[in-house]
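Worksheet for the structure shown next.
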Amino acid sequence: MDTIRPIKTKRDYHAALKEIERLYEAKPNTPAGDRLDVLTTLVEAYEAQHEPISPPDPIEAINYYIESRGLARRDLEPYLGSRARVAEILNRRRPLTLEMIRRLHSGLGLDPRVLIQPYAI
């Protein structure tokens, strides 16, 4: 077995992914399973540094939330205001306010770090 080293280049990254694929079925608490855990951690660290994932657009995040839970726009009224206000927000005619973000977070558990991101109006 080769020695595990830090992932510094794209070549190292692709080699680690190939090795992870080979070890994918490894049983936990075995040498192969431990190797898989270490390689996965190294790949995650490399990706976080070189290919960070941007937070989603706030309106897309709200739309995803309501669609994934089978909710309707009217279910947002307690958090955003009237039906017209919900439409203005989701149609990007009006920005979310700090109070709306607070209510969406406390009422629905939406991440305020996502909701405060700038987005096109």
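The values are calculated or read from the model by the stated rules, or taken from the named source; none is laboratory data. None of these values were measured; they are calculated from a predicted model. No Cβ is skipped: glycine too gets one built from the backbone with ideal geometry, and neighbour counts run over all protein chains shown.
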Can you spot a residue in region 67-81 that is aromatic (Phe, Trp, Tyr) and closer than 30 Å to Asp2 by Cβ?
no
For His50: the one exception among (1) at pLDDT 95 or above; (2) within 22 Å of the chain's Cα centre (by Cα):
(1)
Selection from region 72-112 of residues among the basic types (Lys, Arg) and either in contact with a Leu (Cβ under 8 Å, 6 or more places away or on another chain) or not assigned by TED's automatic domain parsing to the domain that holds Ile62 (or both) yields Arg73, Arg103
Cβ-Cβ distance below 9 Å, separation of 6 or more or different chains: which pairs start in region 63-79 with a residue that is farther than 19 Å from Arg102 by Cβ and end on one that is modelled with pLDDT under 95 and assigned to a loop (DSSP other than H, G, I, E, B)?
Tyr64/Pro56
Is there a residue in region 103-110 that is loosely packed, with under 14 Cβ neighbours inside 10 Å, over 30 Å from Thr9 (Cα atoms) and among the charged types (D, E, K, R)?
no
Glu99 being charged (D, E, K, R) and under 30 Å from Asp12 (Cβ atoms)
no
All conditions in (1) of a type outside the set (A, V, I, L, M); (2) in contact with a helix residue (DSSP H, G or I) (Cβ under 8 Å, 6 or more places away or on another chain); (3) at pLDDT 95 or above are true of Pro56 except (3)
Among the residues of region 75-121, which ones are more than 14 Å from Asp57 (Cα to Cα), β-branched (Val, Ile, Thr) and in a loop (DSSP other than H, G, I, E, B)?
Thr97
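Go through the residues of region 37-58 one by one and say whether even a single one is part of a helix (DSSP H, G or I) and touching a residue at least 40 places away in the same chain (Cβ under 8 Å).
To start, the set of residues in region 37-58 that are part of a helix (DSSP H, G or I) comprises 37-50, 58.
Still in the list and also touching a residue at least 40 places away in the same chain (Cβ under 8 Å): 58.
Yes, because at least one residue in region 37-58 is part of a helix (DSSP H, G or I) and touching a residue at least 40 places away in the same chain (Cβ under 8 Å).
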